[in-house]
Each structure stands twice: as structure tokens, then as C-alpha cells.
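Single-structure report; data block below.
The values are calculated or read from the model by the stated rules, or taken from the named source; none is laboratory data. Quick caveat, the model's predicted, so the values are computed rather than measured. FYI the Cβ positions are ideal-geometry reconstructions off the backbone, even for glycines, and counts take in every protein chain you see. Each accessible area value is taken on the protein alone, full model and side chains, heavy atoms only, with ligands, DNA and RNA left out. Shrake-Rupley method; radii C 1.70, N 1.55, O 1.52, S 1.80 Å.
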Amino acid sequence: MAEAQQDQRDDQIGRANVQDTPELLAYYDELETKNAGALWTVANKIEPWEPVSQSVPVVWRYKELRDDVLRSLKLVTPEKAGRRVVYLSNPGRRDVTAAVGWIYAGLQVMNPGENATAHRHSASAIRFIMEGEGAYTVVDGHKMTLGKNDFVLTPNGTWHEHAVEPDGSTCIWQDGLDIPFVNAMEANFFEVHPDLTEAVAYPIDDMTKTWGNAGLTPVNGEWNKGYSPMFKYEWEPTYEALTKYAACTEGSPFDGVLMEYVNPATNGPVMQTMGASMQMLRPGEHTKSHRHTGSFLYHVAKGSGHSIINGDRYEWCEKDIFCVPSWAWHEHANGSESENAVLFCLSDLPVMRKLGLYREQAFGDNDGRQPLN
Ligand SMILES: [Fe+2]
Ligand SMILES: [Fe+2]
């Protein structure tokens, strides 16, 4: 029996507004038997006036999750689990295992001497290191040592392997992948490395040493892949860049001192589907509210404060992770009058921008139907 479509009616010319009748309901039933339907019964739902995110704002508090993450060390081995990860589940996106929108995220834990089998997949990944000593990642033969707040890429199609040195300590990091997006595109492949491990073929940290020098590009540095050759962005120079920039800018009223991680060969985003930024909120800073399309997963790299998302207040402190769904009003506030707060942010902005879907609106400003910039 076709469902009555009363709640899908919009009382405005140009929108679907057809009242059910017995004849129409019979017609809908007939179409359904032929795998078809009348657009006016669903049009207002599938084409809302503005984006309707299924994601809800969530704060994943590290102090609440850390013990559970550590508990998995005793429950499963990386060999059996593949990757020993506690994933972040947005109540509105459980069906696609997303933390927000089309972004998956999790907390991975590894003991000294452990490693996760080398593999590759169509989804692109990042990691953001949270605690521990001796973690490293190998991407296409490039080994990278990892420290707290370092940001690492494992782009679409690259072989990668994660491990902790035998003389290191238990390490935890945040993984972020576009798995739900690639699945929505029905384009996801996964492959385990035939040797189960990956040979290191280059000097340690060579890609960051080659490409990560402020304003300087290697004279023979050729790179034409769709992702950044700088696989690791270290925390120290990132924080230094924010501090220097903060000294000579008022920053954005909506974002404070915000800098994007870029591909040094193109100045574009670090990967084709996901981008990342780091933003500093100076002591006492409270940004103005705005909203934009795109899904945003924040990780508190330093400090504490709160965000107001669609009118609700969410407190956060170092190592907490929280999300801002697409088109949700949001503003951020540093809770300290003396310390900086710094937020790492993973987003799908490269997709939104490339596909012409990015829109932004300041609170109290225009109707948001045109991009502001
Ligand atoms: Fe992976
Ligand atoms: Fe924003």
C-alpha cells in the first residue's frame, strides 16, 4: 500500500503539493509493482530547500574512550583484527559507519613491537597521533616516524603499514578515512600486501624532509600524483606557522587563525577527497557563527573550550574529537584567557569545492544561496 504523502507537501508554487485521493493511492501502488513511482510523492524530501544532514553533533571525549581503546589490546590482536580500532559512530550515520557525513574515524591502538598488516584500499586515510612513542607508518616504501599531533597521509591506492618500534610505548592515534564516501560511490577496493609487510625503500622521513621546507621546493622535485608528496606534516612547524601568522593577522571572525595543510607541489588540498586544517583560537577568542556545506571532524590538538553547534553548547578539551555536520551553525570559543586552543580539522571540503557544492553563510547574513567567497 502506498504511503500517504501528506507530510511531504509544500504549500508553495513550484513544490510538490498533491493531496492523496483513493485513485492516486491506487496509482502509486500500481507504479510500485513496476519498480516506479510518482516524483511528486518524494520530490520535497529528496530535494529539500537546503541541506538536511543526517549527522548529529557529537563530542567523543578522550577521557571516556581511552580505557575502552586500551582494553582492546587484551581482546584482539592486530593480526586477527586487521586493524585494532574503536570507531566513532555518529547516531545519525550508523548505517554507513560514519563519524560525520561521509567521513569515517576511529582510534587505533598498538603495543610496542606490533604491526598492522600492509595493505591498500581505494579509500584515502589520514592519521593524527595522540599519544605514545615509537609509532611509524610506511607509505609506498617511505617510512615516517610519528610523534604527538603529527598528521600523516595514506592516500588512495598507496600501500601502507603501521607499527610501533619494539622499544616504543603503547601508541594511540586517530584514523580518518573517506570509506563511507567511496562506498557511496561504489568504488571501494581492498588488497592485502602479498608479503604482508612492506619493505622500506627510502631514507626515513624523506618525503617530509624533501617537500616540507617552508617556501622551498626541490629543483628536481617532480610530482604529478593527485595527493601531496609530503606524507607527514609535523606538529612543531605547524604550531610555529600558526603562531607566526597569528602575530600579523586578526584572523577570520568565523575561524580565528586558520591555516590549511596543502600539497606543496600544487598548493591544493593534501588529497582529492579529504582536506585538513589547523586553527588557533587565541586566549579568550570566541568566533562568530556561520555555516557551510561539508562535514567537519575536529580534533582538539591543544587547549580547551567549547563550540556552539545549532544552538547547543559542546565543551571540549585536549584529545577530544567532535563533529560539525554539513550546514550546521557553529561557533568556537577558547575557554582560556591565557593559553591558545588549537583545533585540527578533517573535512570533505576538496570534494565540495571541486564539485561546485560549497556554500557558506554568516549568521544573520544573506540567504546562503550564493557562496560568500
Ligand atoms: Fe589502511
Ligand atoms: Fe566553519
>> Largest first, please: the extent of the C-alpha atoms of the stretch 80-220 along each principal axis, to the nearest Å.
In response: 45, 36, 32
> Could you give the nm distance between label points at Tyr245 and Trp329, where each point is 7 Å from its Cα heading toward the beta carbon?
Replying inline: 2.7 nm
> What does the convex hull of the alpha-carbon atoms of the stretch 31-144 project to on average, in nm²?
Replying inline: 11.6 nm²
> Could you sort Phe190, Phe363 by accessible area so the largest value comes first, with the probe set to 1.4 Å?
Replying inline: Phe363, Phe190
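In percent, how large is the relative contact order of the chain, given Cα pairs closer than 8 Å and 6 or more residues apart?
Relative CO of the chain lands at 14 percent.
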> Taking only protein heavy atoms and a 1.4 Å probe, what accessible area per residue, in Å², does the chain have with all protein chains in place?
Replying inline: 50 Å²
> Within straight cross-link reach of Lys319, meaning Cα distance under 18 Å, which aspartates and glutamates are found once same-chain residues fewer than 8 apart are removed?
Replying inline: Glu64, Asp67, Asp68, Glu131, Glu133, Asp150, Asp175, Glu234, Glu236, Glu339
>> Using the Cα centre of the chain as origin and beta-carbon charges of +1 (Lys, Arg) and -1 (Asp, Glu), tell me which of Tyr227, Gly212, Asn17 is placed farthest towards the positive end of the dipole.
In response: Gly212
>> What are the ³J(HN,Hα) couplings of the stretch 202-211, residue after residue, when phi is run through the Karplus curve with 6.51, -1.76, 1.60 and θ = phi - 60°? Round to Hz, x for glycine and proline.
In response: 9, x, 4, 6, 4, 5, 6, 5, 7, 9
> Any idea what angle helix 235-246 forms with the longest principal axis of the chain, computed on alpha-carbon atoms, 0 to 90 degrees, nearest 10?
Replying inline: 70 degrees
> Helix 62-75: angle to the longest alpha-carbon principal axis of the chain, degrees 0 to 90, nearest 10?
Replying inline: 70 degrees
> What percentage of the solvent-accessible surface of the chain, computed with a 1.4 Å probe over protein heavy atoms, is contributed by carbon and sulfur atoms?
Replying inline: 51 percent
>> Can you give me the distance in nm between label points at Gln19 and Phe189, each placed 7 Å from the Cα along the Cα-to-Cβ direction?
In response: 5.7 nm
>> Less than 13 Å from a label point 7 Å out along the Cα-to-Cβ axis of Lys354: which backbone N atoms in the stretch 207-244 qualify, by residue?
In response: 225-228
>> As a test question: what accessible area, to the nearest 10 Å², does Ile179 have when a 1.4 Å probe is rolled over all protein chains in place?
In response: 40 Å²
> How high is the relative contact order of the stretch 7-67, given as a whole-number percent (alpha carbon pairs under 8 Å, six or more residues apart)?
Replying inline: 32 percent
